[in-house]
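All remarks here apply to the structure that follows.
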Number of protein chains: 2
Amino acid sequence: MRQSSFNNMGCPIAGALEHFGDWWSLLIMRDALDGFTRFDEFQENLGIAPNILTRRLKSLTDAGLLERRQYSERPARYEYLLTESGRDLGPVIVALYLWGIKHTDLDHHSVVLVDQDSGAEIEPVYVDRRSGRPLREIRAVFAAGRAATDQMRRRHGPETKAALRDRALRSGAAAL
Amino acid sequence: MRQSSFNNMGCPIAGALEHFGDWWSLLIMRDALDGFTRFDEFQENLGIAPNILTRRLKSLTDAGLLERRQYSERPARYEYLLTESGRDLGPVIVALYLWGIKHTDLDHHSVVLVDQDSGAEIEPVYVDRRSGRPLREIRAVFAAGRAATDQMRRRHGPETKAALRDRALRSGAAAL
DNA sequence: CAGTATCCTGTCCGATACTG
DNA sequence: CAGTATCGGACAGGATACTG
């Protein structure tokens, strides 16, 4: 994707990908969420070329996902800390992890998510906060909000909200 | 990322990204989960060049996320249907969506996630399936499973599980 | 240690034209 | 409608050398 030439069409997903949608950025954020903060830690973990790492770190910092902080005067040393929006990538990483252990042929227990206090393994599931029902059991679907009906029309043609839902229903797309 | 030259180091996240880690693939999957199935629907929604779309569709099909099915004999017509592993991308899309509405400057209600039966808006939260506790409130952290302690050692040096957890703790990485 | 500076290659992608 | 074929440009990314 030619970075800037892209029109995200008002889609939050495209908007998100615009900030960290490339290979290395996600992997760097994974490491950052694992608690790594320093240039050479990233470099060693990822096996990334230093110039590329510089570039990615800068773009992540510009995007506000990481914060560059000097932790030593002489010699000048910097570390990269998670910002709040960086920390909010946690669920994205979790979702990718869950897909990965299910659908790649790695040993299913090569990496596990644990509760650090109890040591118990965690099995994350998306639920609706209000009803508590798992999303898998809900026929969940994206629908155009009031404010964006126009944009959606442009994207999807003159479909109504109902038609959009029908379409999603037809294809079994409800398994979000 | 030079696709094949990459060693995913046994990481399920890197493994996942290897299958659909580029820009267009995720956006195509978003549309597929929205119920779109046909070449020209993708093309119009995304504004993607046809040759690129062909390439991405092929790679997604090869990766097993989509299934190409002929739905008309004469003329020959094909559609792209979600496979199970494709459907399992739902949570990834949801996670990206949630980050997007929170951290991009789109109207927060341009697109909403709704329960198609009740019409009620859904607010997805990751919880631990067993305890029901939101992941935000758990000090969740990735840890090397038994089977992979060796690989992790290679990645992280001679750190123990405990040291890994400490590191995560220090940086506030628990907010997965 | 934490990068910067160069050079080079691959390939992702867009534009366009064409086909059954 | 559902693509294939071809061309060209822009970067991403790797390798390597160098610096305070």
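Go through (1) surrounded by 22 or more Cβ atoms within 10 Å (Cβ to Cβ); (2) within 30 Å of A:R133 (Cα to Cα) one by one and return the number of the condition B:L60 breaks. Unmet for B:L60, out of (1) surrounded by 22 or more Cβ atoms within 10 Å (Cβ to Cβ); (2) within 30 Å of A:R133 (Cα to Cα): (2). Can you tell me which residues in region A:72-86 are crowded, with 19+ Cβ neighbours inside 10 Å and not small (G, A, S)? Scanning region A:72-86 gives A:Y80, A:L82. Scanning region B:8-23 for residues that are under 24 Å from B:E79 (Cβ atoms) and crowded, with 22+ Cβ neighbours inside 10 Å turns up just one, B:F20.
Scanning region B:89-117 for residues that are surrounded by fewer than 18 Cβ atoms within 10 Å (Cβ to Cβ) and among the acidic types (D, E), which turns out farthest from the other protein chains (Cβ to nearest Cβ)?
In this case the residue turns out to be B:D105.
If the requirement is being modelled with pLDDT under 90, surrounded by fewer than 20 Cβ atoms within 10 Å (Cβ to Cβ), of a type outside the set (G, A, S) and under 25 Å from A:R68 (Cα atoms), which of these qualifies: B:R153, B:R170, B:R146, B:R136? Going through B:R153, B:R170, B:R146, B:R136 in turn, the sole match is B:R170. Looking only at region B:26-75, residues that are of a type in the set (D, E), under 18 Å from the mean Cα position of the chain (by Cα) and under 22 Å from A:G21 (Cβ atoms) come to 3 in all. Out of all the residues in region A:16-46, which are out of contact with any strand residue (DSSP E or B) (no Cβ under 9 Å at 6 or more places or on another chain), within 7 Å of another protein chain (Cβ to nearest Cβ), small (G, A, S) and away from DNA strand C (no atom under 13 Å from the Cβ)? Answer for region A:16-46, where residues must be out of contact with any strand residue (DSSP E or B) (no Cβ under 9 Å at 6 or more places or on another chain), within 7 Å of another protein chain (Cβ to nearest Cβ), small (G, A, S) and away from DNA strand C (no atom under 13 Å from the Cβ): just A:A16. Within region B:86-116, being β-branched (V, I, T) and outside any loop (DSSP other than H, G, I, E, B) holds for B:V92, B:I93, B:V94, B:I101, B:V111, B:V112, B:V114.
For region A:47-85, the candidate set comprises residues that are of a type in the set (S, T, N, Q) and either within 11 Å of DNA strand D (Cβ to nearest atom) or not in a helix (DSSP H, G or I) (or both); within that set, the residue that is nearest to the other protein chains (Cβ to nearest Cβ) is A:T83. Just to be sure before I move on: is B:L89 under 15 Å from A:G100 (Cβ atoms), in contact (Cβ under 8 Å) with a residue 12 or more places away in the chain and more than 10 Å from DNA strand C (Cβ to nearest atom) in the structure I sent? When the stated conditions are applied, B:L89 passes them.
With respect to the stated conditions, A:R68 is in contact with an Asp or Glu (Cβ under 8 Å, 6 or more places away or on another chain) and free of Cβ contacts under 8 Å to residues at least 40 places away in the same chain.
The values are calculated or read from the model by the stated rules, or taken from the named source; none is laboratory data. Here the structure is a predicted model, which is why all the values come from computation and not from measurement. For neighbour counting, all protein chains shown are included, and Cβ atoms are generated from backbone atoms with ideal geometry for every residue, glycine included.
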